[in-house]
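Bear in mind that the values in this text are calculations on the coordinates, not laboratory data. Since this is a predicted model, take the numbers as computed values, not measurements. Quick reminder, even Gly has a Cβ in these numbers, built from the backbone with ideal geometry, and neighbours come from all protein chains shown.
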Amino acid sequence: MTGADVLLLSDGPHDPDVTRLVIYEVPAARDLTRRQNNGEACVWCNAEDGLEPLGGASGWRPHGCPPCLQLRLEYLHAYTVWRRHVQDCELCRTVWCPDGWRPFLAHQIAYSLISTPGPKADPVFCACGCAVPLASRRLRPYVETPLSGPRYSHTGPCTDPGVLASVDEGPRR
Ligand SMILES: [Zn+2]
Ligand SMILES: [Zn+2]
Ligand SMILES: [Zn+2]
């Protein structure tokens, strides 16, 4: 099984649990142009063709172009699949879990395709404030609260927030 196969394990990018997360991927209105806030340009790349609505409320009409939207949906799907595994896996809460490897890898690929300076940068900023490299085996989805947007956590003790955690944590150390 490859990372791509993992993406087929749930209902896919059109899983309602995935599509309802898209709005959390839209940059804040204050960071968008007037045209982006009005739904006249993609909120991620500024393209103007084939725009699709992303949700929004009270007059705010963010839209995305099909290629950007597809990348976000694949990312959110990979995140959701991984989070479901970690939620049900005691091992993943504390150490490296071999069964968590595939969803971890699928997430890493999908995340890297949308990573930009800003909220989706590498290293990943966890809910606790720690910065953990995207490829770190300590990185985990945040599972403590009901899902409202993709958030992250990590195994092991917190480093000082803002200090980069080490990449090379494996079971042999
Ligand atoms: Zn776009
Ligand atoms: Zn696991
Ligand atoms: Zn931390």
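Observations
- For segment 66-104, the residues whose amide N sits under 11 Å from a probe point set 7 Å from the Cα of CYS45 along the beta carbon direction are 66-72.
- Using a cutoff of 8 angstrom between alpha carbon atoms and counting only pairs six or more residues apart, the relative contact order for segment 3-154 works out to 21 percent.
- Over all pairs of different C-alpha atoms, segment 3-154 has a mean inverse distance whose reciprocal, the Kirkwood radius, equals 16.0 Å.
- Converting phi to 3J(HN,Hα) with the Karplus coefficients 6.51, -1.76 and 1.60 and the offset θ = phi - 60°, segment 121-128 yields 8, 10, x, 8, 8, 7, 4, 7 Hz in sequence order, with x at every glycine or proline.
- Taking every C-alpha pair closer than 8 Å and separated by at least 6 residues, the mean separation divided by the residue count of segment 99-139 gives a relative contact order of 23 percent.
- Relative pair counts by distance (%), Cα atoms of segment 53-111, 10 Å bins: 22, 36, 23, 16, 3
- Local electrostatic count, HIS85, Cβ distance below 12 Å [Lys/Arg +1, Asp/Glu -1]: +2
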